[in-house]
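Enquirer: Sending over a structure as C-alpha cells; questions will come in a sec.
The values are calculated or read from the model by the stated rules, or taken from the named source; none is laboratory data. Just so it is clear, the structure is predicted and the values come from calculations on it, not from any experiment. All Cβ positions, even for glycine, are placed from backbone atoms using ideal geometry, and neighbour counts span all protein chains on display. Surface areas here come from the heavy atoms of the whole protein model, side chains and all, with no ligands, DNA or RNA. Shrake-Rupley method; radii C 1.70, N 1.55, O 1.52, S 1.80 Å.
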Amino acid sequence: MAGLTGLSLKAALDGLASKTFSSEEITRDHIAAVEASSALNAFVVETPDKALDMARASDARRASGDAGPLDGAPLGIKDLFCTDGVESTAGSMILRGFRPTYESTVTSNLWRDGAVMLGKLNMDEFAMGSSNETSAWGPVANPWRAQGSNANLTPGGSSGGSAAAVAAELCLGATATDTGGSIRQPAAFTGTVGIKPTYGRCSRWGIVAFASSLDQAGPMARTVEDTAILLRSMAGHDPKDSTSINAEVPDFASFCGKSVKGLRIGVPKEYRVDGMPPEIDALWEQGIAWLKDAGCEIVEVSLPHTRYALPAYYIIAPAEASSNLARYDGMRYGLRVEGGNLTETYENTRAQGFGEEVKRRILIGTYVLSAGYYDAYYLKALKVRRRIADDFDQAWQTCDALLTPTAPSAAFALGEKSDDPVAMYLNDIFTVTVNLAGLPGMSVPAGLDAQGLPLGLQLIGRNLDEGTLFSLGSAIEKAADFRAKPQKWW
Ligand code: GLN
C-alpha cells in the first residue's frame, strides 16, 4: 500500500500539523490507491482533480496558520450525500447523471473543517440492502477473504463502499448512513469502526432520503478515535432539517481512552438468538470479560419486544421509502424514459430506473399504507416501535450502555443470500432496534473468526450519550488489540 495511506486519521492530522508531509502528498498517495483498487468497485465516482485542488487549498491555509480540525485529510463520501456539481446517484439507475446544485449539510461541515474529497462511494440502491448487491453499479468486494479462498465476500451494506474503502486504506475515513444497520454491519464485516449517532445529531439535509424517521449519518474509520474526530465535524444543529437536534456537540475524541470504571453494562438476554455461530457467542463473552476487567459492572437486562423489531422495521422503513421515492418520476432528476403520454413516461422511468429490491420495498410500503391495511400493519408497527423504545428506557434504569454482537455472522459470500430477501433481512436483527429507538450505536472490531474474517461488537447508548460509547469503544479496542489487516489481492 502506498506511503501515507496506512496512517490513522489522527496520525495523518498530526503529520500535517507538524508539516512532516503536505495534504497534496497524502492526497496523491490516496488517489493512487483508489486508482489501483478497481477490483473492489468501492468508488463509483472518482474526483482526483477536485481532491488535488482541495489539498492545495488546504496546504495554503496551513501555511497561513488557519487550518481547521480536518484540514488536508482525504475522505470518501457515500453516494447518498448530495455533492455540489458531482454526480450523486444513491446507487440507483434512476439518478444516473444527477448532479446536485447544492451540498449536503454533513459534507459542507467536513469541507468547512478542511477535509478533502476523493470521490463517491458505492452503496446499495437507495441504501436498501445488507450486502451492497442491490447497487445499480455492481457489488463491492470486501477486501477481506476467508483463509485459503479467493472467493469475493460482501463488505456488508448498505455502506459497503465506505467500509471497503476504509478497510483497504483508500481513504482515512468515510461518511456513511444507517437506517437499520448500514454503518454498523459493514463496519463489523470489514474490521472497521462505525458509529450511528443519536437520531438528529447529524443533519439529514441533502442526504437522499430512504426512511426519514430512521435515517442517520455517521462516520466509518479504522480507529474509534478517528470516528470521534469525524463525528465532531459532521454533527451539529441545522435549521434546514426540522428533526436536527439543537444540542451542543462535545469534543467526542476527549472521551476516547477515558476510564470506564464503574459503568454498568447491560447484556440483553433476548439477543442470544438461535442458530448464532458459537464464535459470535464466544466473542460476546470475551467482550463482557474485557469490560469487566476494565472495571465495568455487568448486568443482565431484558428487552422483551426485541423479536418484533425486525417485522416492525420492515413495515416502517418500506412505508416511508414508498413515500420518499414517489418523487422519482423522470421529470426532475436523473433518468427519463419517454412514453406515449405523461403517465407512460412515469411508468417507464420507474420500471427501468428502479431495481428489484427497491420495487419490492415500494410495493410493501404502498400496501401497508393503503386504506384497508394501514391500521393492521403500519399503525401496529408504530406501536411496536414505541414499545421497543420503552424497553430501552427501562434498561437505562439499571445500566449505562449495552453490549451485543453487531451482526449474527461474519461476511458472507456475494450471491449467497441475494435470492432470499428474508435471509438478507435477518442480518439486521441486532441493529434495527437502535434505529427504531433513535439511540446511538457503535460497532468496534473485536476479533477474527476461524476463517480469519473480522467480527464486531456493538455498543448501544442513551440518547445523546455518544461520549460513553467512545470511552467503551476505545476500552474494547485496547483490550482486543485488533491489528489484523486484509491481505492485498486487488
Ligand atoms: N439492511 C437494512 C435495509 O435493507 C438497513 C439498511 C440501512 O441501514 N440503510 O433496510
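Enquirer: Take the range 265-311 and flag every residue that is charged (D, E, K, R) and either under 25 Å from the mean Cα position of the chain (by Cα) or not in a loop (DSSP other than H, G, I, E, B) (or both).
Expert: Result: 269, 270, 272, 279, 281, 285, 292, 293, 297, 300, 307.
Enquirer: Among the residues that make up the range 437-444, is at least one of them open to solvent by 10 Å² or more (accessible area, probe 1.4 Å), within 15 Å of the ligand (Cβ to nearest atom), over 19 Å from residue 275 (Cα atoms) and not in a loop (DSSP other than H, G, I, E, B)?
Expert: Yes: one or more hits.
Enquirer: Please count how many residues of the range 137-165 are under 23 Å from residue 321 (Cα atoms), open to solvent by 10 Å² or more (accessible area, probe 1.4 Å) and either aromatic (Phe, Trp, Tyr) or within 16 Å of the ligand (Cβ to nearest atom) (or both).
Expert: Counting residues in the range 137-165 that are under 23 Å from residue 321 (Cα atoms), open to solvent by 10 Å² or more (accessible area, probe 1.4 Å) and either aromatic (Phe, Trp, Tyr) or within 16 Å of the ligand (Cβ to nearest atom) (or both) gives 2.
Enquirer: Among the residues of the range 313-355, which ones are under 18 Å from residue 128 (Cβ atoms), open to solvent by 30 Å² or more (accessible area, probe 1.4 Å), more than 16 Å from the ligand (Cβ to nearest atom) and not aliphatic (A, V, I, L, M)?
Expert: 327, 333, 334, 350, 352, listed by residue number.
Enquirer: Test residue 368 against the criterion of being in a helix (DSSP H, G or I), among the aliphatic types (A, V, I, L, M) and open to solvent by 20 Å² or more (accessible area, probe 1.4 Å), and give yes or no.
Expert: no
Enquirer: Here's another thing I want to ask about it. State which residue pairs qualify: first residue at positive phi and inside the range 310-322, second residue assigned to a helix (DSSP H, G or I) and within 12 Å of the ligand (Cβ to nearest atom) in any location, beta carbons under 7 Å apart, and separation of 6 or more residues or different chains.
Expert: If the second residue must be assigned to a helix (DSSP H, G or I) and within 12 Å of the ligand (Cβ to nearest atom), no pairs are left.
Enquirer: For residue 172, work out the one condition from (1) open to solvent by less than 10 Å² (accessible area, probe 1.4 Å); (2) touching a residue at least 60 places away in the same chain (Cβ under 8 Å); (3) more than 16 Å from the ligand (Cβ to nearest atom); (4) touching a Gly at 6+ places or on another chain (Cβ under 8 Å) it doesn't fulfil.
Expert: (4)
Enquirer: Still on this structure, I have one more. Consider the range 178-195. How many of its residues are part of a loop (DSSP other than H, G, I, E, B), touching a residue at least 60 places away in the same chain (Cβ under 8 Å) and near the ligand (Cβ under 9 Å from one of its atoms)?
Expert: Final tally of qualifying residues: 4.
Conditions (1) assigned to a loop (DSSP other than H, G, I, E, B); (2) touching a helix residue (DSSP H, G or I) at 6+ places or on another chain (Cβ under 8 Å); (3) of a type in the set (A, V, I, L, M, F, W, C), marked per residue:
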residue: 114; (1), (2), (3): yes, yes, no
residue: 123; (1), (2), (3): yes, yes, yes
residue: 131; (1), (2), (3): yes, yes, no
residue: 142; (1), (2), (3): yes, yes, no
residue: 146; (1), (2), (3): yes, no, yes
residue: 150; (1), (2), (3): yes, no, no
residue: 163; (1), (2), (3): no, yes, yes
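Enquirer: Can you find even one residue in the range 364-372 that is in contact (Cβ under 8 Å) with a residue 60 or more places away in the chain, in contact with a Phe, Trp or Tyr (Cβ under 9 Å, 6 or more places away or on another chain) and over 17 Å from residue 130 (Cα atoms)?
Expert: no
Enquirer: Got a sec? Which of 469, 459, 455 is part of a strand (DSSP E or B), more than 16 Å from the ligand (Cβ to nearest atom) and in contact with a Pro (Cβ under 8 Å, 6 or more places away or on another chain)?
Expert: Only one candidate qualifies: 455.
Enquirer: On to the next question. Take the range 196-205 and flag every residue that is over 18 Å from residue 467 (Cα atoms) and more than 13 Å from the ligand (Cβ to nearest atom).
Expert: 203, 205
Enquirer: Now a separate question. Does any residue of the range 108-122 turn out to be open to solvent by less than 40 Å² (accessible area, probe 1.4 Å) and within 16 Å of the ligand (Cβ to nearest atom)?
Expert: The answer is yes; a qualifying residue exists.
Enquirer: Only residues that are touching a strand residue (DSSP E or B) at 6+ places or on another chain (Cβ under 8 Å) and surrounded by fewer than 18 Cβ atoms within 10 Å (Cβ to Cβ): list them for the range 88-104, please.
Expert: Scanning the range 88-104 gives a single hit, 99.
Enquirer: Does residue 387 qualify as being open to solvent by less than 40 Å² (accessible area, probe 1.4 Å) and closer than 18 Å to residue 432 by Cα?
Expert: no
Enquirer: Within the range 213-267, track down each residue that is without any contact (Cβ under 8 Å) to a residue 60 or more places away in the chain, of a type in the set (Val, Ile, Thr) and either open to solvent by 40 Å² or more (accessible area, probe 1.4 Å) or within 16 Å of the ligand (Cβ to nearest atom) (or both).
Expert: Passing the criteria: only 243.
Enquirer: Going by the structure shown, is residue 134 crowded, with 24+ Cβ neighbours inside 10 Å, polar (S, T, N, Q) and within 15 Å of the ligand (Cβ to nearest atom)?
Expert: yes
Enquirer: If residue 411 passes every condition in (1) in a helix (DSSP H, G or I); (2) surrounded by 24 or more Cβ atoms within 10 Å (Cβ to Cβ); (3) away from the ligand (no atom under 13 Å from the Cβ) but one, which one does it miss?
Expert: With respect to (1) in a helix (DSSP H, G or I); (2) surrounded by 24 or more Cβ atoms within 10 Å (Cβ to Cβ); (3) away from the ligand (no atom under 13 Å from the Cβ), residue 411 is out only on (1).
Enquirer: Follow-up. Yes or no: residue 68 out of contact with any Ser or Thr (no Cβ under 7 Å at 6 or more places or on another chain) and assigned to a loop (DSSP other than H, G, I, E, B)?
Expert: Answer is yes for this residue.
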